1. Out of curiosity, is residue 85 in a loop (DSSP other than H, G, I, E, B), buried (at least 20 other Cβ atoms within 10 Å of the Cβ), more than 18 Å from the chain's Cα centre (by Cα) and among the β-branched types (Val, Ile, Thr)?
2. For the range 319-340, give me each residue that is part of a helix (DSSP H, G or I) and of a type in the set (Lys, Arg).
3. Considering only the range 312-340, state which residues are hydrophobic (A, V, I, L, M, F, W, C) and open to solvent by less than 40 Å² (accessible area, probe 1.4 Å).
4. For the range 1-56, what are the residues that are within 30 Å of residue 187 (Cβ to Cβ), in a strand (DSSP E or B) and open to solvent by less than 60 Å² (accessible area, probe 1.4 Å)?
5. Return the residue satisfying two criteria in turn: it lies in the range 198-224 and is of a type in the set (D, E, K, R), open to solvent by 50 Å² or more (accessible area, probe 1.4 Å) and free of Cβ contacts under 8 Å to residues at least 24 places away in the same chain, and of such residues it is nearest to residue 131 (Cα to Cα).
6. Tally time: how many residues in the range 149-175 are over 28 Å from residue 65 (Cα atoms), β-branched (Val, Ile, Thr) and open to solvent by less than 40 Å² (accessible area, probe 1.4 Å)?
7. Tell me, which strands (runs of 3 or more DSSP E) lie completely within the range 217-284 with 3 or more residues that are among the hydrophobic types (A, V, I, L, M, F, W, C)?
8. Can you tell which of 294, 301 is touching a strand residue (DSSP E or B) at 6+ places or on another chain (Cβ under 9 Å) and closer than 24 Å to residue 54 by Cα?
Amino acid sequence: MVLTINFKKKEEWFTFFDGEGNKIERKAEIRFDPLTGETSRLVFDPGLVPTPPDYKQAAEQTSGKNCPFCSENILKMTPVFPNEIAEEGRIFNGDAIVFPNLFPYSKHNGVVVFSDQHYVRLEEFSSLMIKNAFMAALHYIKKVAETDKSATNFSINWNYLPNSGGSILHPHLHVIISESPTNYQNYVNEYANRFKDETGNDYFTELYQKEKDSGERWVGEKGNVGWLHAFSPKSHNDFIGIFTKSITIQDITEQDLLDFAEGLRSVFNALIEQGFASFNLSMQLSSDSSSNQPIHVRLIPRLTIGNLGTSDISYFQAIHDEPLSYKEPEKIAELARAHF
């Protein structure tokens with residue numbers, strides 16, 4: 001039974017010898033997620049320094065008339081929502097545009113294009129660009145929530161660049177609204193509710209406060225959005241953003257999303273410093289005011305390893321459902337703090 005947040009870990013040592021008989025000892029550290037108890041592994045770092053891919057040539061080949069999200073095509077080639085969602089067929093906010101996904105993953109699936117810039121490097125994202133896109137996504141979620149009471153599981157998701165699973169270079173978000181929660185949503189809700197029942201406290205609120213007080217994995221704060229590094233990471237970095245004053249989609253303000261965007265840009269700088277260029281991000285949202293769990297975000301980098309362009313996902317993650325990390329969370333948090 002979960003009674004408090006516990007940062008539990010276990011070491012395993014592998015002993016072997018090199019060709020000259022010299023003893024070698026290597027450690028694997030198993031860390032237990034403080035909410036779910038799921039494990040991830042910190043493994044020996046051989047000196048992982050990714051080389052960010054350059055998509056300049058690919059951008060030239062795929063932009064303009066070859067891209068459905070570029071300005072000359074987006075209003076001609078993308079589908080439209082029914083009138084109860086958007087009277088104009090699409091949702092507009094600043095330069096961001098929301099329209100239906102032609103190949104939906106859920107009952108409701110919107111695509112949010114950030115702007116008319118086809119290839120945006122990590123360092124080129126502005127706070128305004130990010131804020132406008134997430135605000136457009138939030139507008140879409142609110143419209144669906146008003147018209148379909150059965151679809152109550154919301155998330156805003158971002159595959160940035162091909163290494164993350166992004167199939168179009170032009171930056172865009174996926175808004176997933178479903179009657180059925182994803183596995184992540186299901187077990188986070190289950191364990192967070194159990195934590196609330198047993199302790200009387202909200203898990204993410206307590207995690208935010210505990211990490212901020214200890215400072216070990218604390219990264220920084222912008223407005224009402226605090227950032228920390230996960231104790232049991234899902235990849236070589238695993239940043240968690242917590243909206244400390246926002247429980248439901250109705251609570252998030254435009255200023256909150258601007259604060260989120262500014263913090264996210266600081267996280268981007270931490271990724272850039274390490275040589276990471278691609279990432280997966282997911283923002284978990286709710287319309288249920290009784291849940292008492294703050295809205296939160298997770299971001300992990302994606303990369304290829306070595307000269308063969310090897311995927312960073314192996315049997316450990318894909319089948320065993322066991323994340324691996326070459327990087328120590330406390331060291332990454334220290335690195336990232338410098339960018340706040």
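The values are calculated or read from the model by the stated rules, or taken from the named source; none is laboratory data. Note that the structure is a prediction, hence the values are computed from the model and not measured. Positions of Cβ are generated from backbone atoms using ideal geometry, with glycine treated the same way; all protein chains shown enter the neighbour counts. Note: accessible area is taken over every heavy atom of the protein model, side chains too, but ligands, DNA and RNA are not part of it. Shrake-Rupley method; radii C 1.70, N 1.55, O 1.52, S 1.80 Å.
1. Yes.
2. 331, 337
3. Passing the criteria: 324, 332, 333, 336.
4. Result: 28, 29, 30, 31, 32, 39, 40, 42.
5. The initial filter retains those residues of the range 198-224 that are of a type in the set (D, E, K, R), namely 198, 202, 206, 210-213, 216-217, 221-222.
Cutting the leftovers down to open to solvent by 50 Å² or more (accessible area, probe 1.4 Å) gives us 198, 210, 212-213, 216, 221-222.
From what is left, the residues that are free of Cβ contacts under 8 Å to residues at least 24 places away in the same chain are 212-213.
Working: 212: 25, 213: 29 Å.
My answer is 212.
6. Filtering the range 149-175 for residues over 28 Å from residue 65 (Cα atoms) gives 149-155.
Next, from what is left, pick out any that are β-branched (Val, Ile, Thr): 152.
With open to solvent by less than 40 Å² (accessible area, probe 1.4 Å) added as a condition, the list becomes none.
Result for the range 149-175: 0.
7. 225-229, 239-243
8. 301
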